[in-house]
1. Filter the stretch 135-179 for residues that are away from the ligand (no atom under 16 Å from the Cβ), in contact with a helix residue (DSSP H, G or I) (Cβ under 8 Å, 6 or more places away or on another chain) and not in a loop (DSSP other than H, G, I, E, B) and give the result.
2. In contact (Cβ under 8 Å) with a residue 12 or more places away in the chain, more than 10 Å from the ligand (Cβ to nearest atom) and either assigned to a helix (DSSP H, G or I) or closer than 25 Å to residue 183 by Cα (or both) - does that describe any residue in the stretch 52-65?
3. Among the numbered criteria (1) assigned to a helix (DSSP H, G or I); (2) under 18 Å from residue 93 (Cβ atoms); (3) in contact (Cβ under 8 Å) with a residue 40 or more places away in the chain; (4) near the ligand (Cβ under 10 Å from one of its atoms), which one does residue 69 miss?
4. Determine, yes or no, whether residue 104 is more than 15 Å from the chain's Cα centre (by Cα), on the phi > 0 side of the Ramachandran plot, away from the ligand (no atom under 11 Å from the Cβ) and modelled with pLDDT under 95.
5. Please indicate, with yes or no, whether at least one residue in the stretch 24-36 is in contact (Cβ under 8 Å) with a residue 12 or more places away in the chain, in a loop (DSSP other than H, G, I, E, B) and away from the ligand (no atom under 11 Å from the Cβ).
6. State all residues of the stretch 72-92 that are surrounded by fewer than 24 Cβ atoms within 10 Å (Cβ to Cβ) and more than 13 Å from the ligand (Cβ to nearest atom); if no residue qualifies, say none.
Ligand SMILES: C[S@@+](CC[C@H](N)C(=O)[O-])C[C@H]1O[C@@H](n2cnc3c(N)ncnc32)[C@H](O)[C@@H]1O
C-alpha cells in the first residue's frame, strides 16, 4: 500500500485515497472520536446556503461533506480527483448499483433531505467549471492535501460568483498549550496505532499526522486565502483549534 509524501504529488495523493476509500468514513469517525459530525455541521452553518443554492464541494472524497451540505436543500457538486473515493460515494447514493456514472462525468444521487449531490471527477488546481458558476464553494479536510493550495484557492475564487462565500474546514493548531501537547502526542503515537486496526492502509494515516503538523496555523492560512483573491477573511476555532473554519467572500 502506498502513501503520499509531503510534496503531495497529485498522482500519489489520488492513489493513496483510492486505497483507503472503502473504509474512509469509518476510519474518520473512529480517529476523530466522533467529532467529525460536529465539524461538518459547523461547516454547513457557516456557509448558510439558501435552498437551491449551487455549491462546489472541492476534494469531496466519498461525498460525506457534500451530503451534509445538501441536506438543507442545496445542490452540491462534489468534485475530487480520486476516482476510488468518488466511486464509494456514488455507490452509497445509488444503493450499491452500478458506479460507472462518475468516471469522466457526473453521477447524480438524491440525499436524505431536499438537496442533491452530483459527483464530478476533477483536479482542484484546474477546475472543469466556467468562471462564476457557483453561489458558494467549500473544501473540508482537502486543502492540506493539495500540492499547491494557493492555486486551488484561486481556482475556487474563479468559479464562485461575486459575493459568493467560501468556507474552508481544516485541521489547525490547538490554541492552548496543554491541548496542543496532548493532541500532538495523539497525532504522532495513538492515531497511527488506531489506524493500524481500522484502516486498509495505515501508512496513509502516518501521512495524515505529518501533513497536519506541517500545515499553516490559523493566521497563516487566513493570509493565504486573502492573497488568493478572497475578501472579508475570518476564522473560528472548533474543538479548541484542532480544526479551524475559515470564511471568506468572493470580491
Ligand atoms: C481527507 S479527504 C476529504 C474528503 C471529504 N471532503 C471529507 O470531508 O471527508 C481529502 C480529499 O482531497 C482530495 N484531493 C487532494 N488533492 C486534490 C486535488 N488537487 N483535486 C481534487 N481533489 C483532491 C483527495 O483525493 C481526497 O479525496
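The values are calculated or read from the model by the stated rules, or taken from the named source; none is laboratory data. Quick caveat: nothing in here was measured; it's all calculated off a predicted structure. Every residue, glycine as well, gets a Cβ built from its backbone with ideal geometry; the counts of neighbours run over all protein chains shown.
1. 165, 179 - these are the residues of the stretch 135-179 that are away from the ligand (no atom under 16 Å from the Cβ), in contact with a helix residue (DSSP H, G or I) (Cβ under 8 Å, 6 or more places away or on another chain) and not in a loop (DSSP other than H, G, I, E, B).
2. Filtering the stretch 52-65 down to residues in contact (Cβ under 8 Å) with a residue 12 or more places away in the chain leaves 52-65.
Within this subset, residues satisfying the condition of being more than 10 Å from the ligand (Cβ to nearest atom) are 52-56.
Narrowing the set further to residues that are either assigned to a helix (DSSP H, G or I) or closer than 25 Å to residue 183 by Cα (or both) leaves none.
No - not one qualifying residue is present in the stretch 52-65.
3. The one condition residue 69 does not meet is (4).
4. Details: more than 15 Å from the chain's Cα centre (by Cα): yes; on the phi > 0 side of the Ramachandran plot: yes; away from the ligand (no atom under 11 Å from the Cβ): yes; modelled with pLDDT under 95: yes.
The answer is yes for residue 104.
5. For the stretch 24-36, residues in contact (Cβ under 8 Å) with a residue 12 or more places away in the chain, in a loop (DSSP other than H, G, I, E, B) and away from the ligand (no atom under 11 Å from the Cβ): present.
6. The answer is 72, 73, 75, 91.
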